[in-house]
Structures are given as structure tokens and as C-alpha cells.
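The values are calculated or read from the model by the stated rules, or taken from the named source; none is laboratory data. Quantities reported herein were computed from a predicted structural model and do not represent experimental measurements. With ideal geometry, Cβ positions are generated from the backbone for all residues, glycine too; neighbour counts draw on all protein chains shown. What goes into the accessible areas is simple: the full protein's heavy atoms, side chains included, and nothing from ligands, DNA or RNA. Shrake-Rupley method; radii C 1.70, N 1.55, O 1.52, S 1.80 Å.
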Amino acid sequence: MSQLIDAFERRFYYLRLSITDVCNFRCTYCLPDGYRPQGTRNTGFLTLDEIRRVTRAFAELGTEKVRLTGGEPSLRRDFTEIIAAVRANPAIRTVAVTTNGYRLARGVAAWRDAGLTALNVSVDSLDARQFQAITGQDKFHQVMAGIDAAFEAGFDKVKVNTVLLRDVSDIHLDTFLAWIKPRPLQLRFIELMETGEGNALFRERHVSGELIRQRLEQRGWRCQPRGRTDGPALVFHHEDYRGEIGLIMPYAKDFCASCNRLRVSSMGKLHLCLFGDGGIPLRDLLESDGALEALKTRIAGGLNHKKQTHFLHQGNTGITRNLSYIGG
């Protein structure tokens, strides 16, 4: 099988595929004014057939894991069909989704039946009022019910994404730890990243993940080895807890050295880095099955332009306007 390798000998087994830009939450650190179309209609996102073709190409290039992201991916009416289309590739061992949990309770059983194997849910506070203040939605209990439904549907672990915010998650670490102690949750603290529209918030609310790491290690938490299709999180385990802690620290030294993931946007562009400039168009090669080899060649050739690191330390956020582009 072919393999995606860049000029720095990094191997790419992991695709993050955005299937919509639309989100129904208004998180303060991401889309505080809500979703606003950027000159395209919602019907302009990748179709089911285009998703089938692009994931087939990546599968034949050695991709083993696909994460469906957005926006909020479950807002797509054909979301269950998309899961099944991706899972139909025998090489794809993991099909994951990052969701705000809005439709989790009613949809997760069908998603699992369609082939979903991993689940990330965004929960930035365990206080219902604070959750509403951050997300703009009074849906805390609905999201919690969705996590319960995921376990009932057969998932043996659920990952929970929490953006590190000063005077929010950092001061409630004990509450989070108590929550995961009896349950197989992997709580992932994601360090707030500066974007083109979020400079002021970054200066006000940024907390270094290293501070959380120090507090965890002082309490006996230990870092575990990373698998080749794992994301960027450093995962910590404690013998007294069923749950785990993950830390995603993009400002840490050598953060990019272990990069193993590529991104395709909901409009069909290949992005070599979240904070890169521009993107490589793929959509003209997604119109028919007959362009598969040309599509694979363009994807593989694009890696020649992947840089060794992002430039967040210099304040360069590339084209990333806000964190909705991250997709968990």
C-alpha cells in the first residue's frame, strides 16, 4: 500500500474531514456571534459521493483513521450515511466524530450501527449555567444524556473535549477529576489557540497546558505512550481513576514533530496544517470515480509543501479566522 510521507519523514495515517461549516452553538472562544456563511450556500458542502471518493483515495494512501468534523457534523441529514460510506473502506479502522452533543442522545445508536467507532463530545463546563454562558445554548443536561446514551449504545470509552479557559476549567480541575474517576471518560484539555478573530480573548483567557500537567503529575498521573493513529493529546493515567486526562498543547516544544494528520475542508480543499496558508483544491477530482489515481497523486504531491512546524509562536495563525475550523 502507498503511504503518505512528508519531507520530514512524518507519516500520515489520520484524516480530519469536515463535512459542514454550520454550527448551532455560539461558543465564546469560537463563534460568539453564531455561524455566518462565508459566501457559499449550505448546499455547497461535500456531497455523500464526494466524501466516498475522497476517503477512498486516502484509504488507498494508507489512512487508517478518519474523524468527521464540522462545524457540527450531526446537523447533516445524511450523517449516518456518511459514517457508513467512510467505514466501507476496509483500510479505515477507526471512524470518529467530534460533536457538541446536541443530537447525541437520539442519534448515537444509529451512528454506531453505521460503523462509528470513536466519539468526542465538547463539554467546557460541568456547571449548567456556565455551560450555557460559554455555548449560548441551554443544553447541558441534553449533552450529558447523550454521553450516557453513548455508553448504552456500546461505546466503552467517550472522549470529552474541554477548552482550557482562565477562571473556568483551570479553577475547576477537581470537579472534572471527580467526574471521570468512576467513568471511562478521557477528558481532553485543549489549550486555547490564538486566531485571526480571537486575539483579545486569547490574551484574556489563555492558560498554558503545562500548568495542568504539573498539577496532574504532582497527584500521581503518568503519561502514556502514543499510538500511531492517535491525535495530538498527551494522555495521562492514574491507577485510582477509570477515566483519563488528555492534554493538547500546541505551544509546547516539538508539538509538530509527531504530526500524523491531514485535513480536508467541507468545500473540498486539502489543508496540510490547521494554521497553514491556503489549501490544495481537490473537488475537481471528486466528480467521478475515474479520477481516483489523479486524486491520489495530487494528495501525495501536496505533502511536498508541508512545513516542519506551525508559526503560532510568532503570532502567525495563517488563514484561520476562528476555532470553528479546528473541528475538535
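Points worth noting:
- For segment 128-163 versus segment 236-253, the gap between their alpha-carbon centres in whole angstrom: 19
- Relative contact order (%) - segment 118-178, alpha-carbon pairs under 8 angstrom, separation at least six: 43
- Taken one residue at a time, the phi angles of segment 230-240 give Karplus couplings (6.51, -1.76, 1.60, θ = phi - 60°) of 5, x, x, 6, 8, 9, 10, 10, 9, 5, 8 Hz. Gly and Pro are set to x.
- Segment 1-96 - Kirkwood radius from inverse mean 1/r over Cα pairs (Å): 14.6
- Shape call, segment 112-191: gyration tensor on alpha carbons, a/c limit 1.5: prolate
- For the chain, the mean residue ellipticity at 222 nm estimated from helices alone is -8000 deg cm²/dmol, where every DSSP H run of n ≥ 4 contributes -39500 (n - 2.57) and the total is divided by all residues, rounded to the nearest 500.
- Segment 156-217: Cα Rg divided by the 2.2 N^0.38 Å rule of thumb: 1.22
- Pairs of alpha carbons in the chain whose separation is greater than 25 Å (percent): 49
- Interatomic Cα distance distribution for segment 24-183, bins of 5 angstrom, percent: 2, 8, 16, 19, 18, 16, 11, 6, 3, 0
- Tail fraction, Cα-Cα pairs, segment 144-298, threshold 21 Å, whole percent: 58
- Placed amide H near Y102: partners under 5 Å, 5+ positions off or other chain: none
- Its relative contact order, with pairs defined as Cα atoms under 8 Å and 6+ residues apart, puts the chain at 21 percent.
- Using the Cβ-Cβ distance between E287 and R129 with R0 set to 35 Å, the FRET efficiency works out to roughly 0.10.
- Per-atom-type breakdown for the chain gives carbon and sulfur 47% of the accessible area (1.4 Å probe, protein chains only).
- Surface accessible to a 1.4 Å probe, per residue, for the residues of the chain, Å²: 45
- Taking Cβ separations below 4.7 Å as the criterion for a possible disulfide partner, the isolated cysteines in the chain are C23, C223, C256, C259, C273.
- Across K65/K296; K139/K159; K159/K296; K157/K269; K253/K306, pairs whose alpha-carbon gap is larger than 26 Å: K159/K296; K157/K269
- For R67, residues with placed amide H under 5 Å, excluding near neighbours: L15, R16, L17, A96
- Shape category assigned to segment 186-266 from the gyration tensor of Cα positions, a/c cut at 1.5: oblate
- Backbone phi angles across segment 62-69, fed through the Karplus curve with coefficients 6.51, -1.76 and 1.60 (θ = phi - 60°), yield HN-Hα couplings of x, 5, 10, 9, 10, 10, 8, 10 Hz in residue order; Gly and Pro are listed as x.
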